[in-house]
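The values are calculated or read from the model by the stated rules, or taken from the named source; none is laboratory data. These numbers were taken from a predicted model, which means no experiment stands behind them. Ideal geometry is used to build each Cβ from the backbone, glycine not excepted, and the neighbour counts take in all protein chains shown. Just so you know, the surface numbers come from the protein's heavy atoms only, side chains and all, with ligands and any DNA or RNA stripped out. Shrake-Rupley method; radii C 1.70, N 1.55, O 1.52, S 1.80 Å.
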Amino acid sequence: MKPRIAFFDFACCEGCQLQVANLGEALLDVLKLVDVVEFREVMSEKWAGPLDIAVVEGSITTKEAVERIEKIRARSRILIAYGSCATIGGVNGMKNRSPLEEIRRTVYGEHAHTFPTIATRPVDQVVKVDYYVHGCPIWPPEFIEVLQAALQGVPCFPPDHAVCVECKLNENVCLYDKGVTCLGPVTRAGCNSWCTNNGNICYGCRGLVSNPNTKGAMDVLARYRIPLELVLNKMSMYNACREQGKTP
Amino acid sequence: MRYVTIPADKMADYITALARRQKVVAPVEKGKGQFAFEPISEGREATLTYIPTILPPKKFFMPQYETLLEYDLHEGQKMQAVVELEEMVLFGVHTCDLAGIACLNTVFSDRPKDLNYLIRKNKIVIIGLECVAYCDEYASCALMNNHLPNGGYDLFLTPLGDRYIGHVNTYIGDSLVEEGGFFRDATGADFAALEEVRRRKREVFHDEVPIDLDEIPRIFAHSLRTTIWKEIGDRCLSCGNCTNVCPTCYCFDIVDKPNLDLKSGRRIRVWDSCQNERFAKIAGGESFRKERSSRKRHRFFRKFRYPVDRFGKFFCTGCGRCSRTCMARINLKETLAQLAREYV
């Protein structure tokens with residue numbers, strides 16, 4: 001029997017599900033390996049039984065979500081968090097930068113009391129996570145790599161070096177030389193420098209490397225005359241949950 | 001020994017003629033004053049006045065990602081060694097990069113020989129190109145004695161204003177200059193012009209760092225515990241740019257990439273870097289070089305001390321790429337000068 005796999009979503013845009021649905025030809029090969037029993041974006045069937053692999057998208061932002069993810073964890077042998085929202089809190093983490101009551105009133109106005117929420121947390125700040133696929137959205141080849149590792153029962157660690165490494169292997173002209181601020185030097189690699197290959201900057205969606213040189217990075221910014229404020233702002237777009245707890 | 005010349009205004013046509021017959025890789029402008037070796041089909045795509053490319057030509061000798069073997073576990077454990085090779089002409093290689101290739105040749109010919117590298121290398125034809133002026137302030141090629149050609153090419157071109165003079169160094173070089181009748185044999189006037197270029201070059205290329213090459217081993221013998229490593233370590237972001245762009249850094253990791261059947265796959269070699277967080281990390285989470293300062297020191301020692309002990313040569317070519325690419329402005333020439341000041 002093929003391993004049973006289900007895809008779940010919490011607070012997110014469901015774009016990572018779309019990435020999986022968009023795998024194209026590789027999706028056919030993936031389906032030969034696993035039995036997909038629940039995947040809201042592509043099928044109507046639901047599954048309440050035990051799971052070999054739960055693939056979880058989105059961050060945890062309500063009490064109901066806490067209960068739901070705990071139940072999913074309890075019936076899953078392996079849990080893969082995928083997408084920035086699930087792995088590091090992602091853009092949902094921006095909520096944590098203001099007092100909860102205040103941010104709720106800003107978003108829901110006079111109906112705020114009908115939307116009780118809690119501070120945003122990535123999945124691993126609530127339940128144990130076995131594998132991570134970082135990124136906003138996930139980089140499809142990495143998702144496949146992690147899924148393969150999970151199916152083979154071997155560990156899979158995302159790189160812990162800067163996006164610069166992959167960007168340089170792709171021989172891109174450094175964005176700092178183009179006078180553009182880029183979070184590549186402090187963001188963990190693993191996306192094959194997807195954004196910078198295509199002329200965009202790195203937004204830090206995969207989270208920071210485990211040991212960023214904060215002081216050194218500030219010196220570099222000063223040298224390129226980039227205001228610290230601007231960079232901190234860019235950094236907290238995806239990484240605001242980081243202060244709350246250590247992420248992998 | 002054979003010398004030939006080609007008119008400067010015929011060079012683009014010559015490159016085009018070469019590219020009609022085989023894959024030609026040459027420096028191409030990438031914007032912001034930066035260049036990269038890329039495949040071209042027309043001579044006019046190549047830029048013959050360029051500063052060292054973002055990545056050195058090592059990317060053709062040991063590609064960033066290279067398959068070493070294919071495996072299949074469907075029946076037993078089948079493995080097949082693979083050499084991914086590609087015939088090509090590498091056009092316009094500066095003397096610093098010729099020196100870099102020579103270093104890689106030394107390393108990969110050392111036992112156990114690296115057959116993947118050696119087989120690939122044999123398929124790459126090299127046409128060198130002399131610099132008549134400094135590329136920029138980061139270069140220290142004269143200190144490292146790499147500002148003049150020192151072999152390692154099939155054909156070597158030196159610009160003489162309205163023409164190039166070419167040194168034919170191999171049989172392959174001989175056939176290269178036969179292509180399309182662009183070349184004629186050099187005469188006395190051409191040799192005199194070449195001499196004049198070299199004489200002027202010796203006047204310009206010198207004293208990039210206020211030390212002598214012979215002093216470097218002594219300087220490094222005394223620099224294990226200097227505080228200079230901590231100073232540059234504090235600035236370093238560990239982005240790995242310095243090692244990735246280095247023409248002589250050859251460290252790699254080997255990983256298995258399974259296919260989607262989970263039974264077959266490829267084993268690939270990927271560039272690695274001593275500057276990366278996990279490079280010296282071992283089981284249990286210990287790291288031999290946890291501090292950035294020790295990683296920086298390691299990089300310098302891998303250029304100026306360890307290869308001297310082992311191979312009798314420096315592994316810095318003076319190309320200046322590491323300093324040029326460093327966001328934290330860690331400058332090799334400055335560091336060498338600092339180390340020398342401290343020792344003296």
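Here are the numbers for this structure:
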{"item": "Residue match in the stretch A:177-185 (condition: part of a loop (DSSP other than H, G, I, E, B), under 19 Å from the mean Cα position of the chain (by Cα) and surrounded by 19 or more Cβ atoms within 10 Å (Cβ to Cβ))", "result": "yes"}
{"item": "Conditions (1) farther than 23 Å from B:A36 by Cβ; (2) modelled with pLDDT of 95 or more; (3) of a type in the set (K, R): number failed by B:K290", "result": "(2)"}
{"item": "Residue tally, condition surrounded by 21 or more Cβ atoms within 10 Å (Cβ to Cβ) and of a type in the set (A, V, I, L, M), over the stretch B:107-159", "result": "9"}
{"item": "Elements of type helices (runs of 4 or more DSSP H) in the stretch B:186-286, at least 1 residues being within 14 Å of chain A (Cβ to nearest Cβ) and in contact with a Lys or Arg (Cβ under 9 Å, 6 or more places away or on another chain)", "result": "B:228-235, B:241-244"}
{"item": "B:G265 free of Cβ contacts under 8 Å to residues at least 12 places away in the same chain and not hydrophobic (A, V, I, L, M, F, W, C)", "result": "no"}
{"item": "Pair list, Cβ < 6 Å and 6+ apart or interchain, from the stretch B:43-64 residues that are within 13 Å of chain A (Cβ to nearest Cβ) to residues that are surrounded by fewer than 19 Cβ atoms within 10 Å (Cβ to Cβ) and of a type in the set (G, A, S)", "result": "B:T53/B:A36; B:I54/B:A36"}
{"item": "Residue that is open to solvent by 40 Å² or more (accessible area, probe 1.4 Å) and assigned by TED's automatic domain parsing to the domain that holds B:L118, where the choices are B:R267, B:R225, B:R199", "result": "B:R199"}
{"item": "Residue in the stretch A:140-148 that is without any contact (Cβ under 8 Å) to a residue 40 or more places away in the chain, out of contact with any strand residue (DSSP E or B) (no Cβ under 7 Å at 6 or more places or on another chain), assigned to a loop (DSSP other than H, G, I, E, B) and more than 7 Å from every other protein chain (Cβ to nearest Cβ) present", "result": "no"}
{"item": "Residue match in the stretch A:34-56 (condition: more than 22 Å from B:L260 (Cβ to Cβ), open to solvent by less than 40 Å² (accessible area, probe 1.4 Å) and assigned to a loop (DSSP other than H, G, I, E, B))", "result": "yes"}
{"item": "The stretch A:1-33 - residue that is more than 22 Å from the chain's Cα centre (by Cα) and among the hydrophobic types (A, V, I, L, M, F, W, C) and, of those, most open to solvent (accessible area, probe 1.4 Å)", "result": "A:M1"}
{"item": "Search result, residues across the stretch B:287-320 that are open to solvent by less than 40 Å² (accessible area, probe 1.4 Å), small (G, A, S) and part of a loop (DSSP other than H, G, I, E, B)", "result": "B:G318, B:G320"}
{"item": "Within the stretch A:191-205, considering residues that are more than 14 Å from every other protein chain (Cβ to nearest Cβ) and in contact (Cβ under 8 Å) with a residue 40 or more places away in the chain, the one nearest to the chain's Cα centre (by Cα)", "result": "A:C205"}
{"item": "Output for the stretch B:87-124, where each listed residue is part of a strand (DSSP E or B) and among the β-branched types (V, I, T)", "result": "B:V89, B:V93, B:I124"}
{"item": "Residue in the stretch B:10-30 that is within 23 Å of B:G151 (Cα to Cα), within 14 Å of chain A (Cβ to nearest Cβ) and open to solvent by less than 30 Å² (accessible area, probe 1.4 Å) present", "result": "yes"}
{"item": "Any chance A:I88 is touching a residue at least 24 places away in the same chain (Cβ under 8 Å) and either surrounded by fewer than 23 Cβ atoms within 10 Å (Cβ to Cβ) or not polar (S, T, N, Q) (or both)", "result": "yes"}
